[in-house]
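Worksheet: the structure to be examined is printed underneath.
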Amino acid sequence: MPVPPDLPQRLALVHEWFTPRSSGGAELVVEAIDRLLTGLERQPQLAALVDGESGCSGSWLAGRSVLTSPIQALPWGCSHVQQYLPLLPLAIEQIDLSGADLVISSSHLVAKGVLTSPDQLHVSYVHTPVRYAWDQMHAYLERSALVRRGLGPLIRWQLHVLRQWDQLSAQRVDHLIANSRFTARRIRRYWGRTAEVIHPPVAVERFRWDVPRDDFYLCLCRLVPYKRVDLVVQAFNRLGLPLLVVGDGPERSRLKQLAGPTVTVLGRQSRQQVEGLLSSCRAFVFAGLEDFGIAPVEAMAAGAPVIGFGRGGLLDTVRCLRRHPSEPTGLLFPDQTVASLVEAVGWFEEARLWRQLDAAAIRQWAERFRPEAFSARFEDALRRAWTLHQHNCAVAASDPAGMPGLQV
């Protein structure tokens, strides 16, 4: 078989923003891609709407050169970049990446919209098409403070314009990679494109799975509306079972008011505390509709079974006891309701299902999502895309005498 051409030396890696206020799964993916490319002796030129990280000594971006957009110079642009949402599509298009032969974007909003030429290859790793502009728009509007202040029509118009740009800019990308089958389906629905699926990296080695289990349940995530932690709290109020809620966000005060005597909202915890709680909880409970969901995989890496909503990214990561009785890693409930969750947790308790869910086997399943697996799959996808791009460029530069329009 022919040896695929090596990756080019001139690469660019684009993300929405680099700020200390944002350090979720998308940022972990960008760091993993940068580490992969650097290991291949091809450190990329970084680019983002704004950069507040490269000047921080403790950041992996410390001392790196980052190309930024005009948002960087606007008031509070770096710390509150999302307040400039209507300008972000225009802003990302102002970043000049003409010096790169291969452009890689990590996109959950506008990063995929960078401008490239036909001679450049653009590969985009998509965390999600913009949730609040597409299928979750109505839920977003219901909770929007701006809508409550009478700005609903303006917000709806802005989201309409954002949807148009989102679909248009997706056509510029040469090769799309989705973080789950659910995201790939959303890409097909909203952009009309096919995406390869490569699951994001999860640092499973952080967690111990071989310590004694306690009798409490754990819910850990950002406390934002779409995570639906309110359903978890209400379900455990009804069940009277011990639940710890870990995380911070705008829903925290509301959840504290909602919590009954068996539910404790701990708020933000240290990395070490989180690892300890995941390793000792009876089960991890998750009611959100996620594009992928790193936290449930981290729970499984710690040997904890997952009780989760059976849609979205969890269908890629959790093997449900009902469907896979020989190798289960958790239990999926069918409806995003309190009643459905109560039924699942009630059965889990009454049947003592945790005895059937072996921590060592759950951890072994989670090993499939190790960073090394992601790097190997992503490198393979890059090389295949670059090979095809080189072929297409060679065809475009071939003998013009073969063109139908020039034949006599």
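The values are calculated or read from the model by the stated rules, or taken from the named source; none is laboratory data. Owing to the predicted nature of the structure, the values given are computational and were not obtained by experimental measurement. In this analysis, Cβ positions are derived from the backbone assuming ideal geometry, glycine residues included, and neighbour counts consider all displayed protein chains. Note: accessible area is taken over every heavy atom of the protein model, side chains too, but ligands, DNA and RNA are not part of it. Shrake-Rupley method; radii C 1.70, N 1.55, O 1.52, S 1.80 Å.
General remarks:
- Residue within region 70-78 that is touching a Lys or Arg at 6+ places or on another chain (Cβ under 8 Å) and not acidic (D, E) present: no
- Residues (more than 14 Å from the chain's Cα centre (by Cα) and open to solvent by 60 Å² or more (accessible area, probe 1.4 Å)) located in region 207-229: R208, W209, D210, P212, R213, D214, D215
- Condition broken by P89, with the remaining ones in (1) outside any helix (DSSP H, G or I); (2) in contact with a Gly (Cβ under 9 Å, 6 or more places away or on another chain) satisfied: (1)
- Among the residues of region 10-34, the ones that are open to solvent by less than 30 Å² (accessible area, probe 1.4 Å), part of a loop (DSSP other than H, G, I, E, B) and charged (D, E, K, R) come to 0 in all.
- Any chance P129 is under 24 Å from A47 (Cα atoms), outside any helix (DSSP H, G or I), open to solvent by less than 10 Å² (accessible area, probe 1.4 Å) and not hydrophobic (A, V, I, L, M, F, W, C): yes
This table checks each residue for (1) at pLDDT 95 or above; (2) open to solvent by less than 20 Å² (accessible area, probe 1.4 Å); (3) small (G, A, S).
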{"residue": "P242", "(1), (2), (3)": "yes, no, no"}
{"residue": "V246", "(1), (2), (3)": "yes, yes, no"}
{"residue": "E251", "(1), (2), (3)": "no, no, no"}
{"residue": "V263", "(1), (2), (3)": "yes, yes, no"}
{"residue": "G267", "(1), (2), (3)": "no, yes, yes"}
{"residue": "V285", "(1), (2), (3)": "yes, yes, no"}
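- Sole residue being over 14 Å from A12 (Cα atoms) and among the small types (G, A, S), chosen from S59, S65: S59
- Residues satisfying the stated conditions in region 74-108, i.e. among the hydrophobic types (A, V, I, L, M, F, W, C) and modelled with pLDDT of 95 or more: L74, L87, L88, L90, A91, I92, I95, L97, A100, L102, V103, I104
- Meets criteria (over 26 Å from A302 (Cα atoms) and either in contact (Cβ under 8 Å) with a residue 40 or more places away in the chain or hydroxyl-bearing (S, T, Y) (or both)) for L154: no
- Top-ranked residue of region 72-98 - restricted to ones that are surrounded by fewer than 18 Cβ atoms within 10 Å (Cβ to Cβ) and either among the charged types (D, E, K, R) or in contact (Cβ under 8 Å) with a residue 24 or more places away in the chain (or both), ranked as nearest to P8 (Cα to Cα): D96
- Some residue of region 298-312 being within 30 Å of R206 (Cα to Cα) and open to solvent by 50 Å² or more (accessible area, probe 1.4 Å): yes
- Only listed residue being in contact with a helix residue (DSSP H, G or I) (Cβ under 8 Å, 6 or more places away or on another chain) and without any contact (Cβ under 8 Å) to a residue 60 or more places away in the chain, chosen from V224, V246, V211: V246
- For region 295-333, the set of residues classified as over 21 Å from the mean Cα position of the chain (by Cα) and under 17 Å from K227 (Cα atoms) consists of F333 only.
- Filter pass, Q45 being closer than 28 Å to D380 by Cβ, crowded, with 17+ Cβ neighbours inside 10 Å and either more than 19 Å from the chain's Cα centre (by Cα) or aliphatic (A, V, I, L, M) (or both): yes
- Lone unmet requirement of (1) in a loop (DSSP other than H, G, I, E, B); (2) open to solvent by 30 Å² or more (accessible area, probe 1.4 Å); (3) under 23 Å from P200 (Cα atoms) for L61: (2)
- You will find that of S69, S105, the residue that is of a type in the set (S, T, N, Q), touching a residue at least 24 places away in the same chain (Cβ under 8 Å), crowded, with 22+ Cβ neighbours inside 10 Å and over 25 Å from I198 (Cα atoms) is S69 and no other.
- Qualifying helices (runs of 4 or more DSSP H) (wholly inside region 280-364; at least 2 residues being of a type in the set (V, I, T) and out of contact with any Lys or Arg (no Cβ under 6 Å at 6 or more places or on another chain)): 294-301, 338-350
- Of all residue pairs spaced 6 or more apart or on separate chains, those with beta-carbon atoms under 7 Å, a first member in region 383-395 that is under 11 Å from H175 (Cβ atoms) and touching a residue at least 40 places away in the same chain (Cβ under 8 Å) and a second member that is open to solvent by 50 Å² or more (accessible area, probe 1.4 Å) and of a type in the set (D, E) are A385/D174; H389/D174.
- Subset of region 109-126 [buried (at least 22 other Cβ atoms within 10 Å of the Cβ) and in a loop (DSSP other than H, G, I, E, B)]: L109, V110, V114
- Listed conditions (1) farther than 22 Å from E379 by Cα; (2) touching a strand residue (DSSP E or B) at 6+ places or on another chain (Cβ under 7 Å) are all met by L159, apart from (2).
- Hits in region 172-196 (condition: within 15 Å of E290 (Cβ to Cβ) and either among the charged types (D, E, K, R) or open to solvent by 40 Å² or more (accessible area, probe 1.4 Å) (or both)): R181, R185, R186
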